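Okay, so here's the structure we're looking at.
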Amino acid sequence: MRRRLVVVFLVPLIAILLSLGGATTWSATRSIQQAFYTEQLGDLAYFVTSARQALRSGSAAVIDAEVQRFHEVYGIDVVVFDLSGGTWAAGDAEGDVLTDDEAARVGLALSGRRAEAPEPVFPWSVADSSLVEPVFDDGDVIGAVMVSEDTSAPRAEIIQQIVVLSIVALLSVGVGILLVRQLARWVLAPVRRLDEAMVAIERGEMDARVAEDTGPPELRRMTRVFNGMADEIERVMTRQQEFALNASHELRNPLNALLLRVEHLATGLDEDWRDDVEETREEGRRMTRILETLLGLARGGRLDTTISAVDLATLAGRRVDAWRDVAAQRGILMRTTARDAVLSVTDRTIVESALDAVIDNAVKYSPPGSVVEVSARRDGEVCRLSVRDNGPGLTVEQAAYATDRFWRSDDDGETPGSGLGLAIATDLLATVDAELVVDAPDDGGLLVTLVLPAGTTA
């Protein structure tokens, strides 16, 4: 907007300055030309009077000396012609040959026509300026006088005027640009304050506000609306933070009690239950890590991730084992094709949580008797942890909206769900520079892939 305001103000200003500068330059040029022409006419009138007296007397000695002296002092050539067109008095210019234009002017003057106005003097013109006037005696033409003067002086003066006015115009344009920039800055100051406040809120400074008593009336209402919106956002964020803090804190006590009960029960079980007990312990520890992450997010407003090398193949196998019983209750088979180690430098808890959300979505929508397959592989600089189901699937257009919050397909029917699973997984992965990709295979079902940064294989 600032650039637009500068253009809107600056273009008319420059146009006005250029118009005024051009008009002033033209006026100054015409004034110099007029003064030059007036001086020529004065010289011509003087020598016409002297030439009349000399032509009457029939002696050219006096006017010849006067013409020569005039040339020595002023550098102006004066030539007196008799009625036949011959040179009668010319000082040192007697041998000069007249140009066609000068000869034509002399002919017109001897026919009784007076001198016409000279051509305009432009900086690029180099020709001399000549005026020819007939000499009359009792109404009869008895000769003619031609005054020729070099135009270098008026041309130099015109150039000087153009240079001075150009410098003035450039300085005026420069001052205009500075004034316009300051004006644009002053006009946009309230908008800039709003922008700075929005950027501060985006950085997490929820107390950023804008003074409502500054700026034009048109923006004060916008400022009030913005401050009200910021207050509401701060209240909502505070309530969400308090809820997450309370929920994570309150869940820790029953989870700890549950883990203690598991340990107590484990003492009365034989060796056949060892693997089940260990899996229960691992799930409890994983839930504890999730709660710790949630508690840290509630306290600081961000996730405190722990980056390390994670074997995605092993992680996929453990999550498949954890979900196998849940899937079996729906008649769904869980399996993994990951065999070789696939290392990724990422946060284990975040990847596990995101993968659980994807598996939960796959188990929920897969029909009984189908298979949910989890695989892990390295693809160049990234690792792909994929979940493939054989449910109703989505169209390509629907897959583009699958990660939006609260979005659900119209074909879901009575299947329970909130439309948050894949959205939460997407947000979690974004904190570790990863992403979630939803594809609609041609043979049906859904393919959801966690794209993670690759690590060093050992």
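The values are calculated or read from the model by the stated rules, or taken from the named source; none is laboratory data. Here the structure is a predicted model, which means the values were calculated and not measured. All Cβ positions, even for glycine, are placed from backbone atoms using ideal geometry, and neighbour counts span all protein chains on display. Ligands, DNA and RNA are excluded from the accessible area calculation, which covers all protein heavy atoms including side chains. Shrake-Rupley method; radii C 1.70, N 1.55, O 1.52, S 1.80 Å.
Here are the numbers for this structure:
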quantity: Amide H partners (placed H, <5 Å) of residue 143, local residues excluded; calculated: 135
quantity: Exposure of residue 381 as accessible area (Å², to 10), given a probe of 1.4 Å and all protein chains; calculated: 150
quantity: Protection-proxy order for peptides 324-336, 39-51, each taking the mean of Cβ atoms within 10 Å per residue, highest first; calculated: 39-51, 324-336
quantity: Residue-span extension gain [residue 221 to residue 314] - 0.36 nm each, minus C-alpha spacing; calculated: 27.7 nm
quantity: For region 157-174, 3J(HN,Hα) per residue [Karplus equation, 6.51 cos²θ - 1.76 cosθ + 1.60, θ = phi - 60°, Hz, x = Gly/Pro]; calculated: 5, 5, 4, 4, 5, 5, 4, 4, 5, 5, 4, 4, 5, 5, 5, 5, 5, x
quantity: Simple label model, 7 Å out from Cα along Cβ direction - residue 136 to residue 288, nm; calculated: 12.7
quantity: Tensor-based shape of region 1-76 (alpha-carbon gyration tensor, a/c under 1.5 rounded, otherwise prolate or oblate); calculated: prolate
quantity: Inter-probe distance in nm under a simple model that places probes 7 Å from Cα toward Cβ, at residue 203 and residue 443; calculated: 5.3
quantity: Heavy-atom accessible area order for 264, 71, largest first, 1.4 Å probe; calculated: 264, 71
quantity: Point-to-point label distance, residue 270-residue 377, nm (Cα→Cβ direction, 7 Å offset); calculated: 4.5
quantity: Amide hydrogen neighbours beyond the local backbone of residue 341, cut-off 5 Å, H modeled; calculated: none
quantity: Solvent-accessible ranking of 422, 428, largest area first, probe 1.4 Å; calculated: 428, 422
quantity: Prolate/oblate/rounded label for region 342-408 (Cα gyration tensor, a/c 1.5); calculated: prolate
quantity: Built amide H within the under 5 Å cut-off of residue 310, gap 5+; calculated: 344, 345, 346
quantity: 3J(HN,Hα) from dihedral phi, region 265-274, Karplus parametrisation 6.51/-1.76/1.60, rounded to Hz, x for glycine, proline; calculated: 5, 5, 6, x, 9, 7, 5, 5, 9, 4
quantity: Accessible-area order (highest first, 1.4 angstrom probe) of the listed residues 26, 186, 407, 323; calculated: 186, 26, 407, 323
quantity: Positive dipole terminus of region 123-238, leading residue within 217, 191, 228 (C-beta point charges); calculated: 228
quantity: Highest average packing first - 162-175, 366-379, Cβ atoms within 10 Å; calculated: 366-379, 162-175
quantity: Sites residue 160 and residue 99, calculated FRET efficiency, Cβ-Cβ separation with R0 25 Å, nearest 0.05; calculated: 0.30
quantity: DSSP-assigned coil residues among trypsin sites (Lys or Arg not before Pro) in region 1-59, each with at most 11 further Cβ atoms within 10 Å; calculated: none
quantity: ³J(HN,Hα) computed for each position of region 65-72 - Karplus, 6.51 cos²θ - 1.76 cosθ + 1.60, integer Hz, glycine/proline x; calculated: 5, 5, 5, 5, 4, 5, 5, 5
quantity: Rounded if a/c under 1.5, otherwise prolate or oblate - region 307-366, Cα gyration tensor axes; calculated: prolate
quantity: Contour excess over end-to-end distance, with Cα ends at residue 181 and residue 261 and 0.36 nm allotted per residue; calculated: 21.5 nm
